[in-house]
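**Q** Before anything else, here's the structure in question.
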Amino acid sequence: MTKHYIEDLSKYVGEEVEIKGWLYNKRSSGKIRFVILRDGTGLAQCVIVKNNVTEEVFNSFDTLTQESSLILKGKVRKEDRAPGGYEIETTDIRIVHIASEYPITPKEHGIEFLSDLRHLWLRSAKQHAIMRVRHEIIRSIREFFDNRGFTLMDAPIFTPAACEGTSTLFETEYFDLGKAYLTQSGQLYGEAGAMAFGKIYVFGPTFRAEKSKTRRHLTEFWMVEPEVAWNDLNDNMELAEDFLEHIVTSVLKNRSNELKVLERNTEKLEKVKKPFPRVAYTEAVEILKKNGVDFQWGNDFGGTDETIISSQFDRPVIVHRYPTEVKAFYMKRDPENPKVALAMDILAPEGYGEIVGGSQREDDYDALVHRIKEHNLPMEAFEWFLDLRRYGSVPHAGFGLGIERTVSWICGLEHIRETIPFPRMIYRLTP
Ligand code: 4AD
Ligand code: MG
């Protein structure tokens, strides 16, 4: 027998369907009862009229509690006033499980309460919409790279050393081999991949022991990291522009209903078309000063600085050539000005901050050895990485996009905690 899902109801007008789902809500008016059924693909209004069902089925309505599971049969009818535009005239209901009193009701709940019940909260309409947008973002990311001939390269999660600075490392004992660290980024392994396959992307979970309790930080988040042999900083920026435009276009096209549920202003997303404005770090500092910020050249931007810079533009802005001191050891210095690195960050509009970080990589053996020493990193752990500069070194570049920050921006959310099914933050490890 074919399985019927609520999102496909339009295909079954006039036909009998069987929907397996959960009771989202119910109400009655006179001799008519309404069940709002949820099956994970959507919500359907199901009408129960006394004469169309057995007395037993009609009376079972009273026992149904929120989130009870049931199998409902009925005929599909077009009904513009129903959510989704279709209604089911119920002919039979089989109760599978009567749910205990459900803790999440349509009234307002506090964020801590909902976060403790994250495993149930995911059933709510807003969370549902966010997760479907997240899925579309990930799908479109894979599509983008797959269509361009990139090879997917999985990087390890246990690593022997830091990639993005030693202050945010999670460490663990690793048998007789000493300490292992949870990866902060798959990039270094991605570079080995780029030398083997030309163009690759790493896509996986990454970890940062972030002490920051902000609306932009998680301790566990997903990152996608393309790495391309022979690309320079400029090629890297172009790739990132095409990439972001593709993601936003895909969400607008394929998840417009979800964006409506989220009440997202889509006009702002429609503007995400290349070319994106590009400003050098030094120019960005000027923007800050013009806006009354007392900012010292050489410092890194904080969240509020990023918001001021990005609010000057109606689309993502690329900030490039940051001072070497604030950036990672592997970034190549600008041959025209060694004080700055060939780095680029992309700041999302509407105050969502940095969503992309990337650079052209240091491809010179001696310069890289020098940088590893300068950063007090353990040389032994990087010998394999130096091999990439010993055997056929070439210019190359890449970047990392944080999935959760991107979901936050595209969905227009207040806080990053709602962008991942089970968020991990400094004060949250459950459920
Ligand atoms: O700028 P980051 O630290 O860059 C890297 O890790 C590079 N190795 C990437 C590369 O060149 N292959 O991190 C990249 C992105 C940030 O722009 C941000 O979107 C996200 O990862 N990110 C976080 N997202 C959530 N919580 C955190 N604590 C994050 N830290 C970084
Ligand atoms: Mg960064």
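The values are calculated or read from the model by the stated rules, or taken from the named source; none is laboratory data. Just so it is clear, the model here is predicted, and its values are computed rather than measured. All Cβ positions, glycine included, derive from the backbone under ideal geometry; neighbour counts span all protein chains shown. Heads up: the accessible areas ignore ligands, DNA and RNA and are worked out on the full protein's heavy atoms, side chains in. Shrake-Rupley method; radii C 1.70, N 1.55, O 1.52, S 1.80 Å.
**Q** Just to be sure before I move on: is L388 within 16 Å of ligand 1 (Cβ to nearest atom) and either open to solvent by less than 10 Å² (accessible area, probe 1.4 Å) or assigned to a helix (DSSP H, G or I) (or both) in the structure I sent?
**A** Here the answer is yes, as L388 does meet what is asked.
**Q** For the range 42-77, what are the residues that are part of a loop (DSSP other than H, G, I, E, B) and open to solvent by less than 30 Å² (accessible area, probe 1.4 Å)?
**A** G42, V53, L64, E67, S68
**Q** One residue is enough: does the range 322-332 have a residue meeting the conditions assigned to a helix (DSSP H, G or I), touching a residue at least 12 places away in the same chain (Cβ under 8 Å) and surrounded by fewer than 22 Cβ atoms within 10 Å (Cβ to Cβ)?
**A** Quick first cut of the range 322-332, residues assigned to a helix (DSSP H, G or I) only: 324-326.
Right, trim to touching a residue at least 12 places away in the same chain (Cβ under 8 Å) and you get 324-326.
Subsequent filtering for residues that are surrounded by fewer than 22 Cβ atoms within 10 Å (Cβ to Cβ) retains 325-326.
The answer is yes; a qualifying residue exists.
Listed here are the residues, each with its yes/no results for (1) modelled with pLDDT of 95 or more; (2) out of contact with any Pro (no Cβ under 8 Å at 6 or more places or on another chain).
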{"residue": "K339", "(1), (2)": "yes, no"}
{"residue": "I346", "(1), (2)": "yes, no"}
{"residue": "D364", "(1), (2)": "yes, yes"}
{"residue": "N376", "(1), (2)": "no, yes"}
{"residue": "G412", "(1), (2)": "yes, yes"}
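**Q** If you go through the range 228-265 one residue at a time, how many are over 30 Å from Y189 (Cβ atoms) and surrounded by fewer than 14 Cβ atoms within 10 Å (Cβ to Cβ)?
**A** Total satisfying the criteria: 6.
**Q** On the given criteria, is E210 of a type in the set (D, E), crowded, with 21+ Cβ neighbours inside 10 Å and within 16 Å of ligand 2 (Cβ to nearest atom)? Please lay out each step first, then the result.
**A** Values: of a type in the set (D, E): yes; crowded, with 21+ Cβ neighbours inside 10 Å: no; within 16 Å of ligand 2 (Cβ to nearest atom): yes.
No.
**Q** Considering the range 409-431 alone, what residues qualify as being among the aromatic types (F, W, Y) and under 20 Å from E136 (Cβ atoms)? So that I can check it myself, show each step before the final result.
**A** Filtering the range 409-431 for residues among the aromatic types (F, W, Y) gives 409, 422, 427.
W409, F422 - these are the residues of the range 409-431 that are among the aromatic types (F, W, Y) and under 20 Å from E136 (Cβ atoms).
**Q** Let me ask something additional. Within the range 407-429, is even one residue open to solvent by 30 Å² or more (accessible area, probe 1.4 Å), within 16 Å of ligand 2 (Cβ to nearest atom) and closer than 23 Å to M223 by Cα?
**A** no
**Q** Condition check: open to solvent by 60 Å² or more (accessible area, probe 1.4 Å), at pLDDT below 95 and not small (G, A, S). Does E112 satisfy that?
**A** Against the criterion (open to solvent by 60 Å² or more (accessible area, probe 1.4 Å), at pLDDT below 95 and not small (G, A, S)), E112 does not qualify.
**Q** So, in the range 18-41, exactly how many residues are within 35 Å of the chain's Cα centre (by Cα), more than 12 Å from F61 (Cβ to Cβ) and outside any loop (DSSP other than H, G, I, E, B)?
**A** 10
**Q** If you don't mind, there's one more thing I want to ask. Report, by residue number, each residue of the range 143-202 that is more than 21 Å from the chain's Cα centre (by Cα), of a type in the set (V, I, T) and modelled with pLDDT under 95.
**A** The answer is T166, and nothing else.
**Q** Of all residues in the range 352-385, which are open to solvent by 10 Å² or more (accessible area, probe 1.4 Å), touching an Asp or Glu at 6+ places or on another chain (Cβ under 8 Å) and either away from ligand 1 (no atom under 13 Å from the Cβ) or outside the structural domain of V272 (by TED's automatic domain parsing) (or both)?
**A** Passing the criteria: only R371.
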